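Beneath this line is the structure, given in structure tokens, with notes to follow.
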Amino acid sequence: MRVAVLADIHGNLPALDAVLRDVEAAGVDAVVLDGDLADGPMPGPTLDRLAGLGDRAVWVRGNSDRSLAEAFDGTFQPSGLATNASAEYYAWCAARITRAGRDLLAGLPLTVSLEVDGLGAVAFCHGTARDDNEFILVDSPVEHYQAAFTAVAEPTVVVGHTHMPFDRLAAGRRVVNPGSVGLGYGHPGASWALLGPDVVLRRTLYDTDAAAAALEAAAPDLPDIGFLAGNVRSSASDADALAAFSATARQQAAARR
């Protein structure tokens, strides 16, 4: 079993199409869709493209997938975190998916586990094994990693959520983030990961200027379209992203006490 992991697509269909070409060339057995998939400028077409993967697709719930389904139902409540999107954003996206798309997103699991060549059992989640919206970073304390993954026994865990790739050993467990397909921070292009027999962090370069123009044309009235398209053209620095997400992680840690 060799696996491609795609996380944080955020409705960026041009980036997804570019990555899928590389995934096909890699000849993988499964494609793990590790959360935050459709919300963004092109939600309906992105879901359609992912559904076209058929049985090879292994779906995992991200916080934005859950929020998008809630917005479709009219039950979405903002998290209060500065780094999460607004109710207006999710309402716009929810109006552009079908009932079948909503049902798909609402039924996704928090975690899945697969046997991968050379790695054995690997767990996949979006935020952490206990919370699809929990921020865990490359420099988070070991104690945070221990608490966040107590519920899984697998020696390797793949996460998403923070849009920056890393491969870290923490308290005896290997934790990998493939980065973001649709909205990477700290680098150009679209990030993903190839698993089996080891972990390879991959990056697919594509025409980000053309992609940003296409996203703006598809969603001129999407709240935050300027932020999304701007970061596709020229991604935010990893230092800025780490600072923002670290502040959110501290806010979440305080709430858990």
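The values are calculated or read from the model by the stated rules, or taken from the named source; none is laboratory data. Model, not experiment: these values are computed from the prediction. Because the Cβ atoms are built from the backbone with ideal geometry, glycine has one as well, and the counts that use them run over all protein chains shown.
Among (1) part of a helix (DSSP H, G or I); (2) among the charged types (D, E, K, R); (3) within 14 Å of the chain's Cα centre (by Cα), there is one condition Asp103 misses while meeting the rest; what is its number?
Result: Asp103 passes all but (3).
Look through Leu6, Leu13 and report the one residue that is in contact with a strand residue (DSSP E or B) (Cβ under 8 Å, 6 or more places away or on another chain), within 29 Å of Ala244 (Cβ to Cβ) and at pLDDT 95 or above.
Numbers: Leu13 fails: in contact with a strand residue (DSSP E or B) (Cβ under 8 Å, 6 or more places away or on another chain).
Just one listed residue meets the conditions, Leu6.
For segment 79-95, enumerate the residues that are farther than 19 Å from Ala219 by Cα, over 19 Å from the mean Cα position of the chain (by Cα) and surrounded by 12 or more Cβ atoms within 10 Å (Cβ to Cβ).
none
Filter segment 172-188 down to the residues that are in contact with a helix residue (DSSP H, G or I) (Cβ under 9 Å, 6 or more places away or on another chain) and without any contact (Cβ under 8 Å) to a residue 40 or more places away in the chain and list them by number.
First, the residues of segment 172-188 that are in contact with a helix residue (DSSP H, G or I) (Cβ under 9 Å, 6 or more places away or on another chain): 173, 175, 180-188.
Listed by number, the residues that qualify are Arg173, Val175.
State whether one or more residues within segment 128-144 are in contact with a Pro (Cβ under 8 Å, 6 or more places away or on another chain), outside any strand (DSSP E or B) and either surrounded by 18 or more Cβ atoms within 10 Å (Cβ to Cβ) or not small (Gly, Ala, Ser) (or both). It would help to see each step written out before you state the result.
Keep residues of segment 128-144 that are in contact with a Pro (Cβ under 8 Å, 6 or more places away or on another chain), which gives none.
Taking every residue of segment 128-144 in turn, none turns out to be in contact with a Pro (Cβ under 8 Å, 6 or more places away or on another chain), outside any strand (DSSP E or B) and either surrounded by 18 or more Cβ atoms within 10 Å (Cβ to Cβ) or not small (Gly, Ala, Ser) (or both).
Tally up the residues in segment 43-86 that are among the hydrophobic types (A, V, I, L, M, F, W, C), within 16 Å of Ala7 (Cα to Cα), out of contact with any strand residue (DSSP E or B) (no Cβ under 8 Å at 6 or more places or on another chain) and not in a helix (DSSP H, G or I), please.
0
Would you confirm whether or not segment 91-99 contains a residue that is closer than 30 Å to Ala247 by Cβ, out of contact with any Gly (no Cβ under 8 Å at 6 or more places or on another chain), without any contact (Cβ under 8 Å) to a residue 24 or more places away in the chain and not in a strand (DSSP E or B)?
Looking only at segment 91-99, we keep the residues that are closer than 30 Å to Ala247 by Cβ, and these are 91-94.
Add one more test, that the residue is out of contact with any Gly (no Cβ under 8 Å at 6 or more places or on another chain), and what stays is 91-92, 94.
Within this subset, residues satisfying the condition of being without any contact (Cβ under 8 Å) to a residue 24 or more places away in the chain are 91.
Narrowing further to those that are not in a strand (DSSP E or B): 91.
Looking through segment 91-99, at least one residue is closer than 30 Å to Ala247 by Cβ, out of contact with any Gly (no Cβ under 8 Å at 6 or more places or on another chain), without any contact (Cβ under 8 Å) to a residue 24 or more places away in the chain and not in a strand (DSSP E or B).
Can you say whether Leu37 is part of a helix (DSSP H, G or I), crowded, with 17+ Cβ neighbours inside 10 Å and not polar (S, T, N, Q), as far as the supplied structure shows?
On the way: part of a helix (DSSP H, G or I): no; crowded, with 17+ Cβ neighbours inside 10 Å: yes; not polar (S, T, N, Q): yes.
It is false that Leu37 is part of a helix (DSSP H, G or I), crowded, with 17+ Cβ neighbours inside 10 Å and not polar (S, T, N, Q).
With the structure loaded, tell me whether Glu115 is assigned to a loop (DSSP other than H, G, I, E, B), farther than 27 Å from Ala18 by Cβ and among the charged types (D, E, K, R) or whether it fails that test. Explain how you work it out, then say what you get.
Working: assigned to a loop (DSSP other than H, G, I, E, B): no; farther than 27 Å from Ala18 by Cβ: yes; among the charged types (D, E, K, R): yes.
Judged against the criteria, Glu115 is not a match.
Thr98 - would you say it is under 21 Å from Ser67 (Cβ atoms), within 17 Å of the chain's Cα centre (by Cα) and modelled with pLDDT of 95 or more?
In short, no.
Given the criterion more than 16 Å from Leu137 (Cα to Cα) and among the basic types (Lys, Arg), identify the matching residue among Arg168, Arg173, Arg202. First the steps, then the outcome.
Values: Arg168 fails: more than 16 Å from Leu137 (Cα to Cα); Arg173 fails: more than 16 Å from Leu137 (Cα to Cα).
From the options Arg168, Arg173, Arg202, the qualifying one is Arg202.
Under 6 Å by Cβ, and 6 or more places apart or on different chains, what pairs join a residue from segment 224-238 that is part of a loop (DSSP other than H, G, I, E, B) with one that is of a type in the set (Ser, Thr, Tyr)?
Asp224/Tyr89; Ser235/Tyr185; Ala236/Tyr185
Given the residues Ala217, Ala211, Ala190, Ala147, which is the only one that is modelled with pLDDT of 95 or more, over 14 Å from the mean Cα position of the chain (by Cα), buried (at least 19 other Cβ atoms within 10 Å of the Cβ) and not aromatic (Phe, Trp, Tyr)?
Working: Ala217 fails: buried (at least 19 other Cβ atoms within 10 Å of the Cβ); Ala190 fails: over 14 Å from the mean Cα position of the chain (by Cα); Ala147 fails: buried (at least 19 other Cβ atoms within 10 Å of the Cβ).
One residue alone meets the criteria, Ala211.
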